[in-house]
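Novice: I am attaching a structure below and will ask some questions about it afterwards.
The values are calculated or read from the model by the stated rules, or taken from the named source; none is laboratory data. Given the structure is predicted, the values throughout are model-derived calculations rather than measurements. Positions of Cβ are generated from backbone atoms using ideal geometry, with glycine treated the same way; all protein chains shown enter the neighbour counts.
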Amino acid sequence: MSKPQTAILDPKAAAAASPACLAPVNARLTQAERLGLFRLMMRIRRFEERCLRAYQQGRIAGFLHLYIGQEAVAVGCCSVMQADDHVITAYRDHGHALAVGMNPNELMAELYGKASGCSKGKGGSMHFFDPSRHFWGGHGIVGGQVPLGAGIAFALKYQGVKGACLTFMGDGAVNQGAVHETYNLAALWSLPVVFVIENNGYSMGTSLRRSSAGPGLAKRAEGYGMTWEVCDGHDLYEVREKTDRLLQRAREKSQPAVLEVMTYRYRGHSVADPDSTYRTKEEIENYRRTKDPLTLIHETLVAEGVLTEDLAKEIDTAARAEAERAAQFAEASPFPTSEEILKDLYWEEDNPARKQSQGQLFFR
Amino acid sequence: MPLITYREALNQALAEELERDPNVVLMGEEVGQFHGAYKISEGLLDRFGPKRVVDTPISEAGFVGLGVGAAMMGLRPVIELMFWSFYSVAFDQILNNAANLRYMSGGLVNVPIVIRGPANGGTGVGATHSHTPENILASHPGIKVVCPATAFDAKGLLKSAIRDNDPVMFLENTILYNDKGEVPAGEYLIPLGLADVKRTGTDLSIIAHGRAVINSLKAAQLLEAEHDVSVEVVDLRSIRPLDVETILASVRKTNRALLVDENKPFCGVGAQVAYLIQDRAFDYLDAPVKRLSAIDAPAIYSPPLEKEQLPSPQRITETVLSML
């Protein structure tokens, strides 16, 4: 066996593409790990594109908030998590779910409302969970998950575990009261939590300029005496570098922080959004052309000598095939039975041997 | 048996559960240094320290939500609301998050949290501080709701609530905090969902919860002494789960039912109980089911009128007599 290959063939070219490639957290990545990150971003993009087709075919109900354009954020952040770290996010949660390692089949099946879905078809697009991977959702109400993230951090500290909780929110969440209450508690009690604001510029159809006062979203952390940073969310390496630093600080010093990640979504807020009233086609095109996170990492990896065009095509083809298999799996899976409506509600009802209470829990 | 107050009973329950399980943590406004706004947590900070008894800022959405997150991780937070009236600013955390998490995760996430505090009118604090949300809470599947009326019930039910793996909303009453009752010195639990026939009778069943039980018992005494009427009083104790069988057994025996609660009439607990009785004991009824609730307006401040707004022993007595 040869040693893991970490040497970058052309460091100058790589650093020109992404200066953060020289940061220790990135410099120590093996070639296989670099390709793994690229593959993951590609898998998220192709998964989301396949979701969109399924939605257009009427296979997916309700809302579908696609992550296309933001892939470097979830992948970058989650890739620097350690064994005792946890993560919670809002409703644009497919990217995070894949980034923590959830199976695309069970995610797609959840979108199709099938029994084989990760939440047995009971949660839908906005409510993916996998506690075994420390992934605590998938939350539908803007900002509503943020106190929970602090609670996870509180529990880690209480239990004496050296972990931290990545608590994601969108730029639309920063004006919710629950977020500010949580900032205060996290700072007051020195909780090991990193709040990650995925700033894609629009809270639904309202631009940042029209929704949020003040000089910047992360800067609001100063009011609570919290550290904050801003980060280019198109650049995977930079996301990794900044997240890693704040996560380490959270783990080791039990200090909270706010990281604002500048990113962009190519699709509407949800796919029901006609996406024509609040931003221009040119703006979207410009982002695609100049800032696409997949293009950027592609170029960086090519400059590093890690990726070739042929290999990139191969990875792309495999990602498309995986997304297609997920759709087929979802299609072939059965819907939950009617009895399922009343299951997974009360722990006690699902564990009758250990039931302590009496009386009627369900009503007609 | 020792005679202690409802307040002391709650304090004992908290102390015993904090002692028993290191995952139990008490959290809320003024629960520590201040000894509790209503002194329910008196002495607990000294005994268990600031890790287990945590003073919070006035920030209900924040600390209730934080409790939900901590509960997902296996802690057993007992969150004190200084008044249950303040639940409205944490509504999303309680009724979207705590109530729905287990379901939306297909059973992967549990939320063993207790949220407790007083929920009552009648203390001259006006509409904003006099809410009784047991009906609103109980109309959310995923939630359990408990309303103890006596010291004995308060202790046994709170201990069960803390050990329960589902989110339990525990609604107390400031007017009852000083009421004394016999409470065993040792360990005991009262299961959720078990009603208690607080007085047996043959002519009519009163079904009530919380302080309405106490006033119904006073009315029953009066009715027996002055009108020779024998009233049975069923204390629901728990709203969800609900002990439907005990309700039905009582109505089948007395053939008349009066449902008393301090909540507002529209879609109150009594409305659900009335439906259950007509659905399952219709043939046993000798008279229409009646309800007696708070008069249907926000809690009025003016003390004599506030008293009149809530079901008093006198109003209960009059209503019973009108049904016979």
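Novice: From the list A:LEU29, A:LEU35, A:LEU52, A:LEU40, which one is free of Cβ contacts under 8 Å to residues at least 60 places away in the same chain and part of a helix (DSSP H, G or I)? Full working, then the answer.
Specialist: Working: A:LEU29 fails: part of a helix (DSSP H, G or I); A:LEU35 fails: free of Cβ contacts under 8 Å to residues at least 60 places away in the same chain; A:LEU52 fails: free of Cβ contacts under 8 Å to residues at least 60 places away in the same chain.
Going through A:LEU29, A:LEU35, A:LEU52, A:LEU40 in turn, just one is free of Cβ contacts under 8 Å to residues at least 60 places away in the same chain and part of a helix (DSSP H, G or I): A:LEU40.
A quick yes/no check of all residues on (1) within 14 Å of chain A (Cβ to nearest Cβ); (2) buried (at least 23 other Cβ atoms within 10 Å of the Cβ); (3) under 21 Å from B:ASN110 (Cα atoms); (4) in contact with a Gly (Cβ under 9 Å, 6 or more places away or on another chain):
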{"site": "B:LEU14", "(1), (2), (3), (4)": "no, yes, no, no"}
{"site": "B:GLU30", "(1), (2), (3), (4)": "no, no, no, yes"}
{"site": "B:GLN33", "(1), (2), (3), (4)": "no, no, no, no"}
{"site": "B:TYR38", "(1), (2), (3), (4)": "no, no, no, yes"}
{"site": "B:GLU42", "(1), (2), (3), (4)": "no, no, no, yes"}
{"site": "B:ASP46", "(1), (2), (3), (4)": "no, no, no, no"}
{"site": "B:ASP55", "(1), (2), (3), (4)": "yes, no, no, yes"}
{"site": "B:ALA61", "(1), (2), (3), (4)": "yes, yes, yes, yes"}
{"site": "B:VAL68", "(1), (2), (3), (4)": "yes, yes, yes, yes"}
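Novice: Can you find, within the stretch A:344-362, the residue that is farthest from B:VAL168 (Cα to Cα) among those that are more than 7 Å from chain B (Cβ to nearest Cβ) and assigned to a loop (DSSP other than H, G, I, E, B)? Spell out the reasoning first.
Specialist: Step one: of the stretch A:344-362, the residues more than 7 Å from chain B (Cβ to nearest Cβ) are A:349, A:351-355, A:362.
Okay, now just the ones that are also assigned to a loop (DSSP other than H, G, I, E, B), so A:351, A:355, A:362.
On the way: A:ASN351: 17, A:LYS355: 15, A:PHE362: 15 Å.
If we take residues in the stretch A:344-362 being more than 7 Å from chain B (Cβ to nearest Cβ) and assigned to a loop (DSSP other than H, G, I, E, B), then A:ASN351 is farthest from B:VAL168 (Cα to Cα).
Novice: On the given criteria, is B:GLY121 more than 7 Å from chain A (Cβ to nearest Cβ), not hydrophobic (A, V, I, L, M, F, W, C) and not in a strand (DSSP E or B)?
Specialist: yes
Novice: Just give me the residues in the stretch B:279-312 being in contact with a helix residue (DSSP H, G or I) (Cβ under 9 Å, 6 or more places away or on another chain), hydroxyl-bearing (Ser, Thr, Tyr) and without any contact (Cβ under 8 Å) to a residue 40 or more places away in the chain, in sequence order.
Specialist: B:TYR284, B:SER293
Novice: May I pose another question? Select from the stretch B:70-93 the residues that are more than 10 Å from every other protein chain (Cβ to nearest Cβ) and among the small types (Gly, Ala, Ser) and write down the one among them that is farthest from B:THR123 (Cα to Cα). Before the answer, list the steps.
Specialist: Of all residues in the stretch B:70-93, those more than 10 Å from every other protein chain (Cβ to nearest Cβ) come to B:76, B:78-88, B:91.
If we keep only those that are among the small types (Gly, Ala, Ser) too, we end up with B:85, B:88.
On the way: B:SER85: 13, B:SER88: 20 Å.
My answer is B:SER88.
Novice: Right, here's the next one. Taking into account only those residues within the stretch A:158-172 that are surrounded by fewer than 24 Cβ atoms within 10 Å (Cβ to Cβ) and more than 8 Å from every other protein chain (Cβ to nearest Cβ), which is nearest to A:THR263 (Cα to Cα)?
Specialist: Step one: of the stretch A:158-172, the residues surrounded by fewer than 24 Cβ atoms within 10 Å (Cβ to Cβ) are A:158-163, A:171-172.
Next, only the ones that are more than 8 Å from every other protein chain (Cβ to nearest Cβ) stay: A:160-163, A:171-172.
Details: A:GLY160: 34, A:VAL161: 32, A:LYS162: 30, A:GLY163: 26, A:ASP171: 10, A:GLY172: 13 Å.
The qualifying residue nearest to A:THR263 (Cα to Cα) is A:ASP171.
Novice: For the stretch B:136-166, what are the residues that are under 12 Å from the mean Cα position of the chain (by Cα), within 12 Å of chain A (Cβ to nearest Cβ) and assigned to a helix (DSSP H, G or I)?
Specialist: Within the stretch B:136-166, B:ALA138, B:LEU157, B:ALA161 meet the criteria.
Novice: Would you be able to tell me the number of residues in the stretch A:122-141 that are hydrophobic (A, V, I, L, M, F, W, C), facing chain B (nearest Cβ under 7 Å) and within 20 Å of A:CYS77 (Cα to Cα)?
Specialist: Let us first name the residues in the stretch A:122-141 that are hydrophobic (A, V, I, L, M, F, W, C), namely A:126, A:128-129, A:135-136, A:141.
From what's left, facing chain B (nearest Cβ under 7 Å): A:129, A:136, A:141.
Subset that is within 20 Å of A:CYS77 (Cα to Cα): A:129, A:136.
Residues that pass the stated criteria total 2.
Novice: Separate question: Anything in the stretch A:142-157 that is within 7 Å of chain B (Cβ to nearest Cβ) and in contact with a helix residue (DSSP H, G or I) (Cβ under 6 Å, 6 or more places away or on another chain)? List them, or say none. Walk me through it before giving the result.
Specialist: Narrowing the stretch A:142-157 to residues within 7 Å of chain B (Cβ to nearest Cβ): A:144, A:147-152, A:154-155.
Correct list: A:GLY144, A:PRO147, A:LEU148, A:ALA150, A:GLY151, A:ILE152, A:PHE154, A:ALA155.
Novice: The conditions are (1) within 26 Å of A:CYS21 (Cα to Cα); (2) surrounded by 14 or more Cβ atoms within 10 Å (Cβ to Cβ); (3) within 24 Å of the chain's Cα centre (by Cα), and A:THR290 fails exactly one of them. Which is it?
Specialist: Among (1) within 26 Å of A:CYS21 (Cα to Cα); (2) surrounded by 14 or more Cβ atoms within 10 Å (Cβ to Cβ); (3) within 24 Å of the chain's Cα centre (by Cα), the lone unmet condition for A:THR290 is (2).
Novice: So, in the stretch A:245-277, of the ones that are in a loop (DSSP other than H, G, I, E, B) and among the charged types (D, E, K, R), which residue ends up modelled with the highest pLDDT? Full working, then the answer.
Specialist: Initial filter on the stretch A:245-277 (in a loop (DSSP other than H, G, I, E, B)): A:254-256, A:263-277.
Subsequent filtering for residues that are among the charged types (D, E, K, R) retains A:265, A:267, A:273, A:275.
Working: A:ARG265: 94, A:ARG267: 91, A:ASP273: 85, A:ASP275: 84.
Looking at residues that are in a loop (DSSP other than H, G, I, E, B) and among the charged types (D, E, K, R), I get A:ARG265.
Novice: Evaluate the following for A:VAL302: is it of a type in the set (A, V, I, L, M, F, W, C), surrounded by 16 or more Cβ atoms within 10 Å (Cβ to Cβ) and without any contact (Cβ under 8 Å) to a residue 60 or more places away in the chain? Spell out the reasoning first.
Specialist: Working: of a type in the set (A, V, I, L, M, F, W, C): yes; surrounded by 16 or more Cβ atoms within 10 Å (Cβ to Cβ): yes; without any contact (Cβ under 8 Å) to a residue 60 or more places away in the chain: yes.
Answer is yes for this residue.
Novice: Can you tell me how many residues in the stretch B:108-137 are of a type in the set (Gly, Ala, Ser) and closer than 21 Å to B:PRO77 by Cβ?
Specialist: Taking the stretch B:108-137 and keeping what is of a type in the set (Gly, Ala, Ser), we get B:117, B:119, B:121-122, B:124, B:126-127, B:130.
Subset that is closer than 21 Å to B:PRO77 by Cβ: B:117, B:119.
Residues that pass the stated criteria total 2.
Novice: Here's something else I'd like to know. Please list, ordered by first then second residue, the pairs with beta carbon atoms under 7 Å, 6 or more apart or interchain, first in the stretch B:35-48 and on the phi > 0 side of the Ramachandran plot, second of a type in the set (S, T, N, Q) and at pLDDT 95 or above.
Specialist: B:HIS35/B:SER41
Novice: Identify the single condition in (1) in the same structural domain as B:LYS307 (by TED's automatic domain parsing); (2) of a type outside the set (Gly, Ala, Ser); (3) surrounded by fewer than 18 Cβ atoms within 10 Å (Cβ to Cβ) that B:ASN178 does not satisfy, given that it satisfies every other one.
Specialist: (1)
Novice: Scan (1) more than 29 Å from A:GLU48 (Cα to Cα); (2) at pLDDT 95 or above; (3) assigned to a loop (DSSP other than H, G, I, E, B) for the single condition A:LEU185 breaks and write down its number.
Specialist: (3)
Novice: Here are some conditions: (1) facing chain A (nearest Cβ under 10 Å); (2) in contact with a Lys or Arg (Cβ under 6 Å, 6 or more places away or on another chain). B:ASN96 meets all but one. Which one does it not meet?
Specialist: Among (1) facing chain A (nearest Cβ under 10 Å); (2) in contact with a Lys or Arg (Cβ under 6 Å, 6 or more places away or on another chain), B:ASN96 violates only (2).
Novice: A further question follows. Out of (1) within 13 Å of chain B (Cβ to nearest Cβ); (2) touching a Ser or Thr at 6+ places or on another chain (Cβ under 7 Å), what's the single condition that is false for A:THR30?
Specialist: (1)
Novice: If I filter the stretch B:173-219 down to residues being within 14 Å of another protein chain (Cβ to nearest Cβ) and outside any loop (DSSP other than H, G, I, E, B), which single residue comes out as nearest to B:LYS159 (Cα to Cα)? Working first, answer last.
Specialist: Looking only at the stretch B:173-219, we keep the residues that are within 14 Å of another protein chain (Cβ to nearest Cβ), and these are B:188-196, B:207, B:209.
Filter once more, so that each one left must be outside any loop (DSSP other than H, G, I, E, B): B:196, B:207.
Values: B:ASP196: 17, B:ILE207: 24 Å.
That would be B:ASP196.
Novice: Taking only pairs six or more apart or across chains, which ones have beta-carbon atoms under 8 Å, a first residue in the stretch B:265-276 that is under 18 Å from B:HIS140 (Cβ atoms), and a second residue that is part of a loop (DSSP other than H, G, I, E, B) and of a type in the set (Phe, Trp, Tyr)?
Specialist: Listed by first residue and then by second, the contacts come to B:GLN272/A:PHE363.
Novice: Among the listed residues B:ARG7, B:ARG102, identify the single one that is closer than 29 Å to B:ASN263 by Cβ, buried (at least 20 other Cβ atoms within 10 Å of the Cβ), facing chain A (nearest Cβ under 10 Å) and basic (Lys, Arg). Steps first, answer last, please.
Specialist: Values: B:ARG7 fails: facing chain A (nearest Cβ under 10 Å).
The conditions single out B:ARG102.
Novice: Based on what the data block shows, is B:GLU232 assigned to a strand (DSSP E or B), over 19 Å from the mean Cα position of the chain (by Cα) and not assigned by TED's automatic domain parsing to the domain that holds B:LEU14? Outline the logic, then answer.
Specialist: On the way: assigned to a strand (DSSP E or B): yes; over 19 Å from the mean Cα position of the chain (by Cα): yes; not assigned by TED's automatic domain parsing to the domain that holds B:LEU14: yes.
For B:GLU232, the condition - assigned to a strand (DSSP E or B), over 19 Å from the mean Cα position of the chain (by Cα) and not assigned by TED's automatic domain parsing to the domain that holds B:LEU14 - is met.
Novice: Can you name the residue in the stretch A:104-121 that is of a type in the set (S, T, N, Q) and within 14 Å of another protein chain (Cβ to nearest Cβ) and is also farthest from A:SER270 (Cα to Cα) among such residues? Spell out how you get there, then give the answer.
Specialist: Going residue by residue through the stretch A:104-121, those that are of a type in the set (S, T, N, Q) are A:105, A:116, A:119.
So of that shortlist, the ones also within 14 Å of another protein chain (Cβ to nearest Cβ) come out as A:116, A:119.
Values: A:SER116: 24, A:SER119: 21 Å.
Here the residue is A:SER116.
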